Amino acid sequence: MRIGFIGLGNVGGKLAGSLLRHGFSLRVFDIDADVMTEFAGRGATACRSPAELGQGSDVIITCLPSPEISTSAALAEDGFMDAMGQGKVWCEMSTTDEREVKRLGRLVEERGGHAADCPVSGGCHRAATGNISIFAGSSREVFELLLPMLSRMGRRILHTGPLGSATVLKVLTNYLASANLLSICEALATAKLAGMDLSTTYEAIRISSGNSFVHETEGQVILNGSRNINFTMDLVLKDIRLFGEIAKRAGIELELLPLMIDIFDDAHQRLGGGEWSPNVIRRLEERAGMQVTAPGFPDEIVDDEPERRGCEVVPRNRNASRAGMP
């Protein structure tokens, strides 16, 4: 299987690295020439455009910052869409817009190819080790075709249903993570002002019903002061607004989301779109004239779990059905 990978940023570069580490034939494209040179030095073939990459690839992966950039990689004059042909697969691993995934997927299918949306979840530290989770929206046939490749990039692979379903679930989970981040910021800031030891506070949350993945990762870099989670304010706002569009199309009026957008908009204006998202806590720190930090926490999260080949996660209702249960 000849794989082409477009987008070698914070997440894409780590996913592509996992493919190289496991011996896949890899063609790459990124607008950063230095990154391309680095990947070529590791055995990948650097391409001059998405079109050139597509011509020599059986599977074309995109992992890019926004729906607009993914669309450009596909449909621009030097895009990969014209290289799509019989049996080729486009695999969208970006966090993007469900409607645009489906629109581009139809164009791929018109050319005889197949489309899948396969966004990842679990943080850059797990993308680096191949232990991240992957959602996959496609036909079952295409999912099984991609599973050997996906299982080398991620540990838990969930087939979510048809094209677009993985994107909806990815945006939903990013919304939940952002809501959790805001609540953690308020909890840690309140603990500081209440005179609590913040290392003890971190452990109390970690071993309690208040614990979460976000607390165990972003909580640590908040307390370190680096706030480096490799995820920016721009990306948070993009994702939670995409979630808002899904809710709007579904016909539900949300109560928490508008407040979240206001908070992150304010942080964006104060700190800039490229600031790490956990620094949303600086709004509280500046308001109270204090810093929410504690000694002994890392400046960046590293996945210390051993890498294991991924496998499919089967939802409970499917297990019940296979066992002959109602």
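A DSSP coil position with no more than 13 other Cβ atoms inside 10 Å describes the following GluC sites (Glu not before Pro) in the range 38-89: Glu77. With a Förster radius of 25 Å applied to the C-beta separation of Arg316 and Glu255, the computed FRET efficiency comes to 0.30. Rg and Dmax of the chain, based on Cα coordinates, read 20.6, 65 Å. Among the trypsin sites (Lys or Arg not before Pro) found in the range 21-77, those both in a DSSP coil and sparsely packed, with 16 or fewer other Cβ atoms within 10 Å of their Cβ, are Arg42, Arg48. Of all DSSP bridge pairs formed entirely within the range 2-163, close to 10 percent run antiparallel. Cα-based values for the range 2-163, radius of gyration first and Dmax second, are 14.0, 38 Å. Remark on Phe5: its backbone amide H falls under 5 Å from those of Arg27, Val28, Phe29, Ile61, a criterion applied only to residues 5 or more positions apart or on other chains, H modelled at 1.01 Å from N. Calculate the length of the line joining the C-alpha centroid of the range 177-201 to that of the range 85-115, in whole Å. For the range 177-201 versus the range 85-115, the Cα centre distance is 42 Å. State the Cα centre-to-centre distance between the range 206-242 and the range 8-31 in whole Å. Each part reduced to its Cα centre gives a spacing of 25 Å. Backbone geometry of the range 227-244 corresponds, through the Karplus equation with coefficients 6.51, -1.76 and 1.60 at θ = phi - 60°, to 3J(HN,Hα) couplings of 6, 8, 10, 6, 9, 9, 4, 4, 5, 4, 4, 4, 5, 6, 5, 4, 4, x Hz, x marking Gly and Pro. Residues in the range 11-32 near a label at Arg42, defined as backbone nitrogen under 14 Å from the 7 Å Cα→Cβ point? Correct set: 11-30. Against the longest principal axis of the chain, how steep is helix 12-21, in degrees 0 to 90 to the nearest 10, with axes from Cα atoms? Rounded to the nearest ten degrees, it is 60. If both residues of a DSSP beta bridge must be in the chain, then about 10% of such bridges are antiparallel. Partner lysines whose Cα lies under 28 Å from the Cα of Lys170, excluding those fewer than 8 positions away in the same chain, are identified as Lys14, Lys88, Lys102, Lys238, Lys248.
All of the numbers you see were taken from the coordinates with simple rules; none came from a lab. From a predicted model like this one, the values you see are computed outputs, not experimental measurements. All Cβ positions, even for glycine, are placed from backbone atoms using ideal geometry, and neighbour counts span all protein chains on display.
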